[in-house]
Structures are given as structure tokens and as C-alpha cells.
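What follows is one structure encoded as C-alpha cells, with my remarks underneath.
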Amino acid sequence: MAKNTVLTLKKKVDEGGKVTMVTSYDYTMAALVEEAGIDMILVGDSLGMTMMGYDSTLPVTMDDMVHHTRCVTRACNDTFVVGDMPFGSYQTDIPTAVANAARLMKEGRCQAVKLEGGVTVCEQIRAMTQAGIPVVGHIGLTPQSVNAFGGFKVQGKSVEAAKQLVEDALAIEAAGAFSIVLECVPADLATYVTEQLSSAFTIGIGAGSGTDGQVLVAQDLLGMTTGGFKPKMVRQFGQIGEAMKQAYRAYDEAVQSGDFPAAAESYKIDPAVMEELRA
Ligand code: KIV
Ligand code: NA
């Protein structure tokens with residue numbers, strides 16, 4: 001696989017291909033994504049839930065994001081890695097937003113950053129872009145605003161809300177973002193937004209098949225979620241959680257029965273050494 005860049009990703013979309021993106025939060029999982037040839041990794045602030053056990057993304061800090069992004073980028077040569085800007089790291093003032101984005105690039109070693117919001121975060125996007133930081137926008141259901149939304153719901157269903165979504169997408173593009181994530185948006189609206197944009201490509205999650213690319217949370221895609229809840233927009237392409245539990249149980253049973261470790265899995269010593277030791 002060749003190295004993915006902003007230019008190769010745009011080229012893929014221009015030639016009619018679809019961009020694939022999945023979240024990763026650690027070295028092992030990212031190495032597997034890279035070996036599978038996925039175009040992009042998002043080190044999402046969803047790690048607050050998947051890695052840290054919080055019930056939302058809100059408590060995630062810049063230190064958390066830098067830590068996990070660095071773990072992921074150590075595994076990636078060709079995969080394009082996007083680091084997510086956590087809640088509170090870019091909503092205050094422009095210099096702080098740019099400094100935090102630059103920190104994620106420098107210390108996390110990602111190739112781009114992502115931030116949630118439309119028209120209201122365009123100044124931040126413009127300032128980051130001018131600082132040489134490639135930016136991915138994120139509109140529709142933006143989980144950092146869950147308290148303002150009053151829950152996780154499909155966005156853009158009324159004429160007013162749909163118009164706002166289009167306006168947000170165009171503003172983000174004009175501010176310099178090279179790509180925009182559309183989350184939980186009706187399929188026809190996501191297709192319309194994708195058509196309206198000229199330079200930025202769209203990446204959908206719960207946004208139908210008309211976007212330029214797709215993103216899923218790794219744990220959802222792999223079937224590693226605990227508790228059994230599966231949102232409508234998720235397809236489980238594996239049952240890795242079940243496979244992991246089976247392996248853990250088999251290990252436990254093999255240890256209890258004495259089957260593991262076997263002689264072939266153990267190290268030998270010269271019997272003479274043991275004889276002398278016992279003497
Ligand atoms: O944090 C995340 O995983 C995300 C994706 C769902 C787009 O923002
Ligand atoms: Na996120």
C-alpha cells in the first residue's frame with residue numbers, strides 16, 4: 001500500500017472510489033488496520049467510552065488524545081491518521097485552539113485533526129488551516145453537544161435544520177477543511193451535502209451510501225461491544241468480542257486442567273544441573 005495523503009485521498013474520491021476510515025486507539029489495533037489496507041484511522045474522542053469507560057466523550061482531555069494518538073501513529077506508515085480535538089480544547093479562543101491542534105500534530109504525530117461544529121467553529125478551522133494543519137470537520141450529530149441536543153438523535157430532519165447543515169458544510173469547506181464527517185444524517189440529505197461541496201470530501205457514519213467515504217468505530221465494526229446495544233447505523237463485520245471471550249475461557253480451562261503450558265511451550269534445563277541443585 002502507498003502512503004495516504006490529503007492529495008491521494010482526494011484523488012481516490014475524484015476517481016469514483018470510496019474512502020474507508022475506522023477508529024483506532026492503540027498500537028496493536030492500528031497495526032491490524034494498516035495491514036488491512038484501510039485508508040484512514042480516526043483516533044476518535046470516542047476513546048472516552050471505548051477505552052476509558054466514561055458514559056460520554058466530554059471528560060476526554062488533550063493529554064488523553066495525545067497519548068492514544070501517539071500509540072496509533074507508532075503503528076502507521078501508510079494509513080492517514082486523524083486526531084480528534086476533545087471537548088473544551090478548541091471552543092474557547094482561536095490561539096488556544098490552534099495551539100492544541102498543533103500539539104496533537106507534534107506530540108501525537110497525526111496528519112490532521114478533526115473538530116465538531118459548523119459555522120461556529122469556522123474561525124478555528126481557518127486559523128488551523130493557515131497554520132498548516134489539515135482539518136476534518138464534523139457535523140450532524142456531534143457527540144460533544146449531547147447535552148445541548150438532549151440525546152443521540154438523527155439530525156437535519158426539518159427544512160430549517162437541513163438548510164443549516166448545508167450552510168455549515170459549505171462554511172467548513174470555505175474555511176479550509178479538506179473533509180467533513182457527517183454523523184446521523186438522513187441519507188438523501190448527506191448525498192445532497194456531498195454534491196454541494198466542491199473540494200471537501202464527505203465521510204459518513206449513519207449517513208447512508210451517498211457520501212464519499214465511511215467511518216465506523218472499531219469496536220462496533222468488529223462486534224466487540226459489551227452489553228449488547230447495537231445502533232441502527234452499525235453493521236458488525238465480525239464477532240470478535242465473542243471470539244475473544246472464547247479464547248479467554250479456553251485459556252482458563254487449559255490452565256486449570258494442566259493442558260497449558262505443555263512441554264513444547266516450556267524451556268528445558270540440563271538434568272545434571274537440576275540433579276546438582278537437589279543434592
Ligand atoms: O470519536 C469518534 O469516534 C468519532 C466518529 C464516530 C466520527 O468522532
Ligand atoms: Na469524535
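Structural remarks
- Contour excess over end-to-end distance, with Cα ends at residue 56 and residue 77 and 0.36 nm allotted per residue: 4.5 nm
- Each residue of segment 113-122 was assigned a 3J(HN,Hα) from its phi angle through the Karplus expression (A = 6.51, B = -1.76, C = 1.60, θ = phi - 60°), giving 10, 10, 9, 8, x, x, 3, 5, 10, 5 Hz with x at Gly and Pro.
- Highest mean packing comes first when the peptides 136-146, 103-113 are listed by Cβ atoms within 10 Å, giving 136-146, 103-113.
- Expected 222 nm ellipticity per residue - DSSP helices of 4 or more, -39500 (n - 2.57), all of the chain, to 500: -13000 deg cm²/dmol
- Net charge of the neighbourhood of residue 211, taken over other residues with C-beta under 13 Å away and scored Lys/Arg +1, Asp/Glu -1, is -3.
- Taking the C-alpha atoms only, the angle from helix 187-196 to the longest principal axis of the chain is near 60 degrees.
- Spatially proximal lysines relative to residue 153 (Cα-Cα < 27 Å; intrachain offsets below 8 disregarded): 18, 114, 163, 230, 232
- Spin-label model, residue 266 to residue 27: label points 7 Å out along the Cα-to-beta-carbon direction sit 3.1 nm apart.
- GNM remark for the chain: springs join alpha carbons under 10 Å apart, and the peak mean-square fluctuation among 268, 12, 245 falls on 268.
- For segment 6-238, the share of DSSP beta bridges that are antiparallel, to the nearest 5, is 5%.
- Electrostatic bookkeeping for residue 45 treats Lys and Arg as +1 and Asp and Glu as -1; over the other residues with beta carbon under 10 Å from its beta carbon, the sum is -2.
- Among the chymotrypsin sites (Phe, Trp or Tyr not before Pro) within segment 248-278, those in coil by DSSP and having at most 10 neighbouring Cβ atoms inside 10 Å are 267.
- Estimated FRET transfer efficiency (residue 5, residue 188; beta-carbon r; R0 30 Å; 0.05): 0.45
- Using the Cβ-Cβ distance between residue 131 and residue 167 with R0 = 25 Å, the FRET efficiency computed as 1/(1 + (r/R0)^6) comes to roughly 0.50.
- Taking Cα centre as origin and charging only the Cβ of basic (Lys, Arg, +1) and acidic (Asp, Glu, -1) residues, the dipole magnitude of segment 91-159 rounds to 180 debye.
- For the chain, the residue among 237, 94, 29 whose Cα projects farthest onto the positive side of the dipole built from Cβ charges is 94.
- Binning all Cα-Cα separations of segment 6-238 at 10 Å, short to long from zero, yields these whole-percent fractions: 8, 35, 41, 15, 0.
- Annotation for segment 126-151 versus segment 229-260: alpha-carbon center distance of 35 Å.
- Simple spin-label estimate for residue 274 and residue 240 in nanometres, 7 Å along Cα-Cβ: 4.1
All of the numbers you see were taken from the coordinates with simple rules; none came from a lab. Everything numeric in this text was worked out from a predicted model, so none of it was measured. Heads up, the Cβs are rebuilt from the backbone with ideal geometry, glycines too, and the neighbour counts pull from every protein chain shown.
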